[in-house]
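Below you'll find the structure, written out as structure tokens, and then a few comments.
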Amino acid sequence: MIPLRVLEEVIDRSRIAARVEILLPIGVRGRQLLVRTLLLGILLVLADHRPAHLTRVRHALTALPEDDQRRLGVITDWKQGPHQLTYRQTERTFGLVVTALAKDAPDGLPSDTLARTCDDLLEASIPPQHTDASTALAVDWTDLETFSRPPPAKGGGCADPEASWGHRRNNLPGVRAELFFGYYLQAAVVTPEEGGPPVPELARRTTLTSCQHDPVPEFVPVLTRMPADGIPLGDILADSGYAHRIPQHWAAPLRAAGAQLVQDLHPDDRGPHGTHEGAIISNGNLYCPATPRPLLQLGPLTRDATHDQAAAHDTRTAETARYKLGKLTSDDEDGYHRVMCPAVMGKIRCPLRPQSMTLDRSRPEILTPPEHPPACCARQTITVPPEVTAKTAQKHDYPSKAHRRSYARRTGAERGFATIKDPASNDISRGWCRLMGLTPLLLIATCLLAVRNQRILAAWNARQDDNARRAAAGLPPRTRHRRRKTLASLAATTAPP
């Protein structure tokens, strides 16, 4: 159980309670339940692994010690004597908060006020000593079903008009894809820097959108607000669902905000896709026109690849890098940069560059250079406009060993969703929250991620303390045992007679 003091500190650091309180109307009689106490009740319910029901919010508040109830306004003195908070008062305050944070004309997207409120609450759930631990973020989206039934097939409305039909995949046997009625929930989870120390995988940003909207471009404003708030963007790790969007909806605005992309390319975006000044455009880079075609068609390493297969794959990707035109300058204000012929840089031997033929024969040699050399072969450098590789350019060459190791950090986003979909904890399946509409669902989901961050921090601190005790005793850090058995290990086990 997360201590009450910790949850109160999160709300106070966010400063959202006072901002929301100002937005609420002033009635004839003062409200007993304040916004700060309401948010605290929601966090208490979620911290106790209970469903997000308003009745449980009231039960959590009324179950506190009497001193805390009086301090938080759960018990107040009326003319008739002490009065304890009722469910009608809880429902009334929550309804006023939702009305103040929602749009006047709901369209399946959060309002600016709601988005800012969720940003501040989730950021406040990260202690100051961890805010600068890493600038790398792993992003992903998942399904969040609404409690409302879908509209009738013959037409008509439903209890949640902002929800719509969406598509999701699962790892269960049989049907791998299915439809659901609800919203797309997205989150950005902190991951370690490349080569940096481990950090707690804390959710730093989130948003919720109706399935009728493309979730990817709607998450871009959430991420690009971070630099404006003084939080720099580092590596952004995303799967092919994000990378396959047009550059204006994902890659371009994130690069303009200072982020470096590390993402898996969609199968339709892999391999050669046209030329620029004679150079082959492939996997976000420009390559020599004489690059062997099999090298440009290399795909990512499969999950079940053996050690020898991984070594052979890494050798081929390293060979491919020799044919890549080297980048000489960083992008200017308009996104332009210059690249140089690999033969001029001394990476390959080419008859069109006589000086490169003096290099040792360990480098690849172009045996059949173009009969009519294009601009990339006739000039030492060429200018590359931003639209040439705007969609596929990223931090590391795809699909090299460096890219594979860097991209492996993206699993932090999947673990983030796994912790809020755990049936033993706050399982966000249908019925977990019976409130309908984007505003209450996003507010509750943000509170859930804030509570999840506190659980991750508690486990992280306990592990660090244990490592410190073991180090003081001269023992190595505790290692995690791999419990999963592979088919190869089972096949190698001697069968009983």
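Before we move on, is Glu333 without any contact (Cβ under 8 Å) to a residue 24 or more places away in the chain, within 21 Å of Pro386 (Cα to Cα) and open to solvent by 40 Å² or more (accessible area, probe 1.4 Å)?
Yes; evaluated as a whole, the condition is true for this residue.
Are there any pairs, at least 6 apart or on different chains, whose C-beta atoms fall under 9 Å, with the first in the range 300-325 and more than 17 Å from Tyr407 (Cβ to Cβ) and free of Cβ contacts under 8 Å to residues at least 24 places away in the same chain and the second part of a helix (DSSP H, G or I) and open to solvent by less than 70 Å² (accessible area, probe 1.4 Å), and if so, which?
Going by the 9 Å Cβ cut-off, the qualifying pairs are Arg316/Leu295.
In the range 459-476, is there at least one residue being open to solvent by less than 10 Å² (accessible area, probe 1.4 Å) and of a type in the set (A, V, I, L, M)?
no
Of all residues in the range 24-63, which are in contact (Cβ under 8 Å) with a residue 24 or more places away in the chain, open to solvent by 60 Å² or more (accessible area, probe 1.4 Å) and over 35 Å from the mean Cα position of the chain (by Cα)?
Within the range 24-63, Pro25, Arg31 qualify.
So, of the residues in the range 64-101 that are under 20 Å from Ile11 (Cα atoms) and in a loop (DSSP other than H, G, I, E, B), which turns out to be most open to solvent (accessible area, probe 1.4 Å)?
Within the range 64-101, the match that is most open to solvent (accessible area, probe 1.4 Å) is Pro65.
Being in contact with an Asp or Glu (Cβ under 6 Å, 6 or more places away or on another chain) and more than 30 Å from Ala408 (Cβ to Cβ) is the filter; apply it to the range 117-159 and report the residue that is surrounded by the most Cβ atoms within 10 Å (Cβ to Cβ).
Only one residue fits best here, namely Thr146.
Please work out which residue is surrounded by the fewest Cβ atoms within 10 Å (Cβ to Cβ), limiting yourself to the range 102-116 and to residues that are closer than 18 Å to Leu24 by Cβ and of a type in the set (Gly, Ala, Ser).
Ser111
Considering only the range 223-253, state which residues are crowded, with 20+ Cβ neighbours inside 10 Å and part of a helix (DSSP H, G or I).
Leu223, Met226, Tyr242, Ala243, Ala251
Take the range 26-47 and flag every residue that is in contact with a helix residue (DSSP H, G or I) (Cβ under 7 Å, 6 or more places away or on another chain) and either aromatic (Phe, Trp, Tyr) or assigned to a loop (DSSP other than H, G, I, E, B) (or both).
Arg31, Gln32, Leu33, Leu34, listed by residue number.
The values are calculated or read from the model by the stated rules, or taken from the named source; none is laboratory data. In this text, all values refer to a predicted model and were calculated from it rather than measured experimentally. Because the Cβ atoms are built from the backbone with ideal geometry, glycine has one as well, and the counts that use them run over all protein chains shown. These accessible areas exclude ligands, DNA and RNA; they are computed on the full protein's heavy atoms, side chains included. Shrake-Rupley method; radii C 1.70, N 1.55, O 1.52, S 1.80 Å.
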